[in-house]
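Below is one structure; the comments refer to it alone.
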Amino acid sequence: MGLPAERVVSEYRNCKILVTGGLGFIGSNLALRLARAGARVTVVDSAVAGCGANRHNIAAAEGDLRVIVADIADAASFAAEIRGCSVIFNLAGEVSHIHSMRDPCRDAALNSTAQLRFLEECGRQAPGVRVVYAGTRQIYGVPKYLPVDESHPVQPVDFNGIHKYAATAYHLLWSSMGRIDGRVLCLTNVYGPRMALHLTCQGFLGNFLRRALLRQPLEVFGTGRQLRDPVYVDDAVDAFLLAGASQDPQSRHWNVGGPGTLPVAQIASIISAAACLADPVFRPFPEEQKGIDIGSYSSDSTRIRTELGWQPAIAFEQGVHQTLEYFQRECLHYLRAEDWKPECALQEVPVLGPAVPAA
C-alpha cells in the first residue's frame, strides 16, 4: 500500500512539474497544491472557449506558477517545459458530453488527436517521463454491474467517452512501448471550488451548484433515483499526487470514486438544504440528454485503495458546504454577468461589497 497523500505531497518539493489544463477546474486545484508544496510548476492551457479555463483559478498562487497559453497539440512550442519534468499531469481536454454530441469532430481534436500529438512530443523530449492522465468513468457507458471496476467492458454512449478512451489507450500503449511512464485515473463526478459554473453543459453537479448560488430551485431530470458517487476535488487531487509519486505501481489504470453512493434526488436535496432553497423540482429528461444518460453509476475504488493507499476523506455534505462557501466569496469570477443579481449571495455569508454589480 502507498503512502498517505499528505506525506506524498512533500516528495514534490523542488520537482519540475507540468500541468496541462491547469487553468481548468481539477487542473488548477492540483497546480495550487503542488505550488504550495514547493514544486516548480508550469501550467499549460489552450484556454479554448467552453472548456473551463479561468485565470482566476490560480490567483492564489499566481506568482508561484508559470502559465503558458498553448495547445497541447503544438507541444513542440513548449518542448523546453517538457524536458526535465519529474511528472506531467495531463488534464487538458473537453469534458462536456453534450458538446461532444453536437460537434464530435471538435471533441475528437481536443480529446484524441491533441493527446496523441502531445504524447509523441513527450516521448521525444523526455523519454520515459511519468504522465498521469485524467480519464473518465464515461468510458464504461451504461454499467452492466455496480460498483464498476476496471475490468468492466468499455462501451461509451457518447463521443466524449469514445475520444477519452482513445486518449486512455494512447497513454497505456505508449507506456507499454517504453516511450512514457503512463498512468490513468478514471474519475467519477468531481465537484468543488473552481468548477466552471458558467458553463451549462459540463455536468449536473455544476448546474445544481450554479442554480443554488442564483437562488433558483434545482431541477432533477427523470425520477432522480439514478445513483452517483461524487468525489470532492481535494480527494481527486490526492489521487493524482499518489499516482504521480508511485515508483513501481502494480497497475496503470485506476477508478477514482467518492465516499458514498447517493441518488441524484438526494444529491439535489443536500445542495438545496445547504443553500436554504426550496425542494428540488423534477423535469422530464431533455431529448438531447436522454440518449446519453447512463442510469446509475458507482465506482469500485478497491484497486487504487489497495495499491496506492488512496481513499476519499470528504463526505458529500461537507464538500457541498465547502464548495458553496468558496463560490459565495468568489462568485463574480464564476457566474455570467447576465445571471447575477445581488440577492444571489446566500444569506449566511457577508455581502460581497461594492464590487457587486447593480441589479
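Every number in this text was worked out from the coordinates using simple rules, so none of it is lab data. It should be emphasised that the depicted structure is a prediction, and the values quoted were computed from it without experimental measurement. No Cβ is skipped: glycine too gets one built from the backbone with ideal geometry, and neighbour counts run over all protein chains shown.
Relative contact order, percent, of the chain when contacts are C-alpha pairs under 8 Å separated by at least 6 residues?
Rounded, it is 18 percent for the chain.
Roughly how tilted is helix 233-245, in degrees to the nearest 10 and between 0 and 90, from the longest Cα axis of the chain?
Roughly 10 degrees, rounded to the nearest 10.
Output the direction-averaged projected area (hull surface divided by four) of the convex hull of the alpha-carbon atoms of segment 120-212, in nm².
7.7
Out of residues 5 or more away from R130 or on other chains, whose amide H comes under 5 Å of its own, with H placed 1.01 Å from N in the peptide plane?
Excluding prolines and chain starts, which carry no amide H, the hits are I88, D181.
Just add up the charged neighbours of N255: K/R +1, D/E -1, any other residue whose Cβ is under 9 Å from the Cβ of N255.
Local net charge: -1.
What does the highest-first list of 201-210, 112-121, 70-79 look like by mean Cβ count within 10 Å?
Result, highest mean first: 201-210, 112-121, 70-79.
Add +1 for every Lys or Arg and -1 for every Asp or Glu among the other residues with Cβ under 15 Å from the Cβ of G291, and state the total.
Charge balance near G291 sits at -2.
Taking amide hydrogens as modeled 1.01 Å from N in the peptide plane, which residues meet the under 5 Å criterion relative to F282, leaving out close sequence neighbours?
Residues meeting the amide H criterion: V220.
Residues with amide H under 5 Å of V44's amide H, sequence separation 5 or more or different chain, H placed in the peptide plane at 1.01 Å from N; which?
For V44, the qualifying residues are V19, T20, G21, G22, I68.
Provide Rg and Dmax in Å for segment 195-234, with only Cα atoms included in the calculation.
Values for segment 195-234 (Cα only, Rg and Dmax): 10.9, 30 Å.
Under the Karplus relation 6.51 cos²θ - 1.76 cosθ + 1.60, θ = phi - 60°, what is the ordered set of whole-Hz ³J(HN,Hα) values for segment 266-272, x standing for Gly and Pro?
With coefficients 6.51, -1.76 and 1.60, one gets 6, 4, 5, 5, 5, 5, 4 Hz.
Return the sequence-ordered ³J(HN,Hα) values of segment 99-112 in whole Hz as given by the Karplus equation 6.51 cos²θ - 1.76 cosθ + 1.60 applied to θ = phi - 60°, using x for Gly and Pro.
Each residue of segment 99-112 in turn: 4, 5, 6, 6, 9, x, 5, 4, 5, 4, 5, 6, 9, 10 Hz.
Among all the aspartates and glutamates, which ones have a C-alpha under 16 Å from K144's C-alpha, if same-chain residues fewer than 8 places away are not counted?
Qualifying aspartates and glutamates at Cα under 16 Å: D293, D300.
Applying the Karplus parametrisation 6.51 cos²θ - 1.76 cosθ + 1.60 with θ = phi - 60° to the phi angles of segment 141-153, what ³J(HN,Hα) value in whole Hz is obtained for each residue in order, glycine and proline being reported as x?
Working through the residues one at a time gives x, 6, x, 8, 7, 10, x, 8, 9, 6, 8, 4, x Hz.
Once volume of the Cα convex hull per residue in Å³ is worked out from the coordinates, which option in (1) 146; (2) 193; (3) 128 does it equal?
Calculated volume of the Cα convex hull per residue in Å³: the matching label is (3).
Could you tell me the extents of segment 54-161's C-alpha atoms along the three principal axes, largest first, rounded to whole Å?
Extents along the principal axes: 45, 33, 28 Å.
With no solvent and one equal point scatterer per Cα, compute the Debye intensity ratio I(q)/I(0) for segment 1-101 at 0.15 Å⁻¹ and report its log10, rounded to two decimals.
Normalising to I(0) and taking log10 leaves -0.59.
Which net charge results when you count Lys and Arg as +1 and Asp and Glu as -1 among the other residues whose beta-carbon is under 10 Å from that of A273?
-2
At q = 0.16 Å⁻¹, what is the base-10 log of I(q)/I(0) for segment 169-217 according to the Debye formula with one equal point scatterer per Cα and no solvent? Please give it to two decimals.
Taking Cα atoms of segment 169-217 as identical point scatterers yields -0.59.
Counting only helical runs of four or more DSSP H residues, what would the 222 nm mean residue ellipticity of the chain come to if each run contributes -39,500 (n - 2.57) and the total is spread over all its residues?
So the helix-based figure for the chain works out to -9500 deg cm²/dmol.
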